[in-house]
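Let me begin by presenting the structure, written as structure tokens, before commenting on it.
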Amino acid sequence: MNTDEQPGVGEGDEARRVETDEVRDPSALAELRSRLEAGRIARGLNQTELARAAGLGRTTVSRALSSSAPGPSSDTVGALGRALRLDVTMLLGLLEAAYGRGPAAAADAALPGKPIRLWDPHDLEVHFAVEVPGAGTTYNPSQKRGRTGRSGRLPAYVRRPHDEHLVAIVEAAEGGHSGMAVLVGSSSTGKTRACWEAIQPLAATGWRLWHPFDPTRADAALADLHRVEPRTVVWLNDSQQYLGGDHGERIAAALHGLLTDVGRSPVLVLGTLWPEYQNTYLALPPSGCPDPHAQVRALLAGRLITLPDSFDNTAINKAMALASAGDRQLAHALSHVDNGRLTQFLAGAPELLRRYDTASPPVRALLEVAIDARRLGAGLHLPVSFLEQAVEDYLSDDEYDDLADNWLDQAFADVTHPVHGRLAPLRRVRPRPARRSSAARAPSAPAYRLADYLEQHGRRLRARLCPPESFWQAAHDHLPPESLSNLAEAARIRHRSHWAERLAQRAADAGSATALARLAQLRKANGSWQEADQLFRQAVEAGSTDALIRLAVMREEAGHRGEAEDFAQQAADAGDIRGLGQLAELREAWGNREDAERLAVRAALAGDTGPLVRLAEKRELAGSTKGAERLGQLAANAGDTTALVRLAAIRETYGSRNGAQRLYQRAARVGNASALVRLAVEQEAAGNRHGAEQLAWRAADMGQSFALVRLAEMREAAGARQEAEKLAQQAIDAGHRFALLRIAAMREAAGDHKGAEHLCRQAAEAGNPTAVARLVEMRESAGDREGATLLAREAAKEGNPSAASRLADLREAAGDRQEAEHLAALAADIGDSSALARLAEMRELAGDAPGAERLAQDAAERGNTSALLRLADMREAAGDHKSAGQLVRLAAHAGDTEATARVALMRERAGDSKQADLFARLAADAGNPSALARLRELRSADRGTTASLE
């Protein structure tokens, strides 16, 4: 087949996605095609050349541009827009206008997640940052568009060493290679923000992001991980909610399958963990005991990135530079912190701790109830009824006698009062209703969420304390089954056997198969094996494969090995292979190696090579190297070459370099790319550059182009600059777009600015638009304003607006407003109006309201209403409701009806129902009928009645 006719992005689904969709606005579809065709002509490309540049099939491009064919999909439009250097957001807007929701939306609705560009960072649990007293909203000129949340701007981001590691994984994903990273650090150290910053380049290329959440995080992940498609970020913030508990091993196995499925590559899995959870998952179980986290430990191996608790001197200097450039939040933090813990201060941690330490007895009691509930396993959202009942025994007799009649209301008012912006010790939340519930469900009860930093502080402070009776009774009476099941285990560990059984029984009565299995485990621990057996069987009938596995283990412990294997096989047939692995490891611990291998092989044939890998590791550590190698080879034959690499790492740790090298070589022979990378690095360090390159190229052919980048960095560090450049260029040819820029960064850090600029020019010539913007920054910082301007204008002529957009930011920050406007307009003329929007914000903050409105209106006329909306938010927050309303009307006239709906809700919350009605009707008249429904819903929630619009 001719390569020009091979299917490209989305081609196989192109016709299916759109042929059944009705074109509601033919003029919008015609305008979309007109812009694409004009872009093709401007770039001087024929359709075959455009197909190559966009990574699409030629037929797909022809249909996209043909007026007689169905409309293109969003993937096709995005790929064409990026190849032609057009405004992709504008093109997708035309597509959606043509089809109402658009064929893209219809197709996307069936897929997990949504485009990254549509996410708000706060919805992904990036912490709200402190507000600077008296300063209002802050702005940083270096901050990129999209780094704000709907409720406040994030401070400028300071890159630290862990970011470089994370960026490399993201770049590999952008280059087509699936990857995973889990950031480990204490609360409020910047883990989630680092993930958000790292994926911004993926947002620009149309990647999606999926945050499994509903009805619970673990349930959502188990239900839909198999549906994740290529170019998706799987967002596992607070990964313990996915990898812990009863479903953790199954989710880990599903993630492993996703990451190794070439048909769904590339995907990127990002998660965060506190250190205590990392330690739990990585700890090996005692000899002879079941391994509760075997799959999780294997998944996390080599994928953990640790964050420091504080900024080092380099990071502090970067933060000071950003503060000097105008970031008021960073400046405020720097003026109050002398221990480097900037992120904790920005998240309001010191004030949260002060509030806790100085709280009145009722407030402190409420917080301690919440802390105990979270540390013992209750869900994030704690019902108010639970808190009210549990708090009583947390007060001493004297404290209780001194309470006022309305003490509970006063305590809730105090504990929910914000310390900075949206930060509060306890925050009122509105739990999302489960998607499987009926339309006639009852309203969700009020609930509260404990601040993360207080939760972690409380975990340490109260680690050895057991809650009082009122806590257990309140949990029994008011918490949902999933929380009760966890608390039952917590009660058992603390020798509260009575409560352990009552809580498990309550959860089981509510239909929890997990709780039935836990109750059975309690009866087993008490010696009631027959009753435990009956309860396990009930749990099996209720659909619990976990109960099948526990039955298998129980029969194994009783010596009934045939029955044990039958139960484990039933669980495997139901999709949960863990039982076979657990039996294998039990038999290995009891010395029955032959049976252990047989069961591990059965697990591998069922799709889980983990038991083979773990048996190999155990034998290696026990000194049985030949047996370990044989098991590792069996795992490799089953398609998992990681066992050989992990055995090699063990040998390397214990000083057996020759043995490690031999295993790396065996892993490389059976196709393990990471082993090839390791061998290439070793050969380079040993001076065998030719051999290192051969190995790196083999790794690159298998999708690990980073091997070439690593060699390039090693040669750059050794002073072999020409060879480093050559290898970086080869890495680019192999798919690693940022190779030259990484070497350029090394030269710039070493003070070789000319060498860095030389490499940036090479990268720009290779088609990396980021490189041109970086060149402009270098010229500008070197004082060559004329050279920077010339570069930006040359790039604009070639259809690349990024340099002009970046230079506009720099000139505005330097006070050259006229030149900043010229450059922003230049960028907007070729499809990037974001610079105009940013200038509008800067002018607003500087007090130039007319200038801000003029620039925002200019951006809106080019299809970007974000500046008008942002100005409206700022003025609304400042109390200038009239001006905010005028700006929203301008945005609505430019086609953004959501803005009008949003201000309707803002006015309602401010108590101005008349204006709220007006804005809601404006939105409805402009085509957004949901505005009226949302306003009714808000009134209903506030008043506790069914509200209507007058």
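Summary table
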{"read-out": "Positions within the stretch 311-336 being outside any helix (DSSP H, G or I) and among the charged types (D, E, K, R), in sequence order", "value": "Asp312, Asp327"}
{"read-out": "Of all residues in the stretch 735-756 being surrounded by fewer than 21 Cβ atoms within 10 Å (Cβ to Cβ) and either closer than 15 Å to Ala168 by Cβ or polar (S, T, N, Q) (or both), the one that is modelled with the lowest pLDDT", "value": "Gly735"}
{"read-out": "Unmet requirement for Arg678, which otherwise passes all of (1) of a type outside the set (A, V, I, L, M); (2) at pLDDT 70 or above; (3) not in a helix (DSSP H, G or I)", "value": "(3)"}
{"read-out": "Filter pass, Leu387 being surrounded by fewer than 24 Cβ atoms within 10 Å (Cβ to Cβ), under 33 Å from the mean Cα position of the chain (by Cα) and under 18 Å from Glu482 (Cα atoms)", "value": "no"}
{"read-out": "Filter result for Leu791 (assigned to a helix (DSSP H, G or I), crowded, with 23+ Cβ neighbours inside 10 Å and modelled with pLDDT of 85 or more)", "value": "no"}
{"read-out": "In the stretch 770-807, residue farthest from Leu845 (Cα to Cα) [restricted to those that are under 30 Å from the mean Cα position of the chain (by Cα) and of a type in the set (Ser, Thr, Tyr)]", "value": "Thr770"}
{"read-out": "Candidate set: the stretch 358-395, residues that are in contact (Cβ under 8 Å) with a residue 24 or more places away in the chain and of a type in the set (Ser, Thr, Tyr); chosen: the one nearest to Arg462 (Cα to Cα)", "value": "Tyr394"}
{"read-out": "Extreme residue, farthest from Pro266 (Cα to Cα), among residues of the stretch 28-67 that are at pLDDT below 75 and of a type outside the set (A, V, I, L, M)", "value": "Gly44"}
{"read-out": "Ile251 modelled with pLDDT of 90 or more, under 25 Å from Ala517 (Cα atoms) and in contact with a helix residue (DSSP H, G or I) (Cβ under 7 Å, 6 or more places away or on another chain)", "value": "yes"}
{"read-out": "Subset of the stretch 336-363 (residues that are modelled with pLDDT of 80 or more and surrounded by fewer than 19 Cβ atoms within 10 Å (Cβ to Cβ))", "value": "Gly340, Leu353, Arg354, Asp357, Thr358, Ala359, Ser360, Pro361"}
{"read-out": "Search result, residues across the stretch 808-841 that are over 32 Å from the mean Cα position of the chain (by Cα) and of a type in the set (A, V, I, L, M, F, W, C)", "value": "Ala814, Ala820, Leu823, Ala825, Leu826"}
{"read-out": "Segments classed as helices (runs of 4 or more DSSP H), wholly inside the stretch 837-944, with at least 3 members that are modelled with pLDDT of 75 or more and surrounded by 16 or more Cβ atoms within 10 Å (Cβ to Cβ)", "value": "849-861, 866-877, 881-893, 897-909, 913-925"}
{"read-out": "Residues of the stretch 864-885 that turn out to be of a type in the set (Asp, Glu) and within 29 Å of Asp87 (Cα to Cα), as a count", "value": "1"}
{"read-out": "Lone unmet requirement of (1) under 30 Å from Arg587 (Cβ atoms); (2) surrounded by 21 or more Cβ atoms within 10 Å (Cβ to Cβ) for Leu268", "value": "(1)"}
{"read-out": "Some residue of the stretch 799-810 being aliphatic (A, V, I, L, M), at pLDDT below 80 and in contact with a helix residue (DSSP H, G or I) (Cβ under 8 Å, 6 or more places away or on another chain)", "value": "yes"}
{"read-out": "Strands (runs of 3 or more DSSP E) fully within the stretch 175-262 counting 1 or more residues that are among the acidic types (Asp, Glu) and farther than 26 Å from Gly78 by Cβ", "value": "none"}
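The values are calculated or read from the model by the stated rules, or taken from the named source; none is laboratory data. Predicted model only: the values in this text are computed from it and were never measured. All Cβ positions, even for glycine, are placed from backbone atoms using ideal geometry, and neighbour counts span all protein chains on display.
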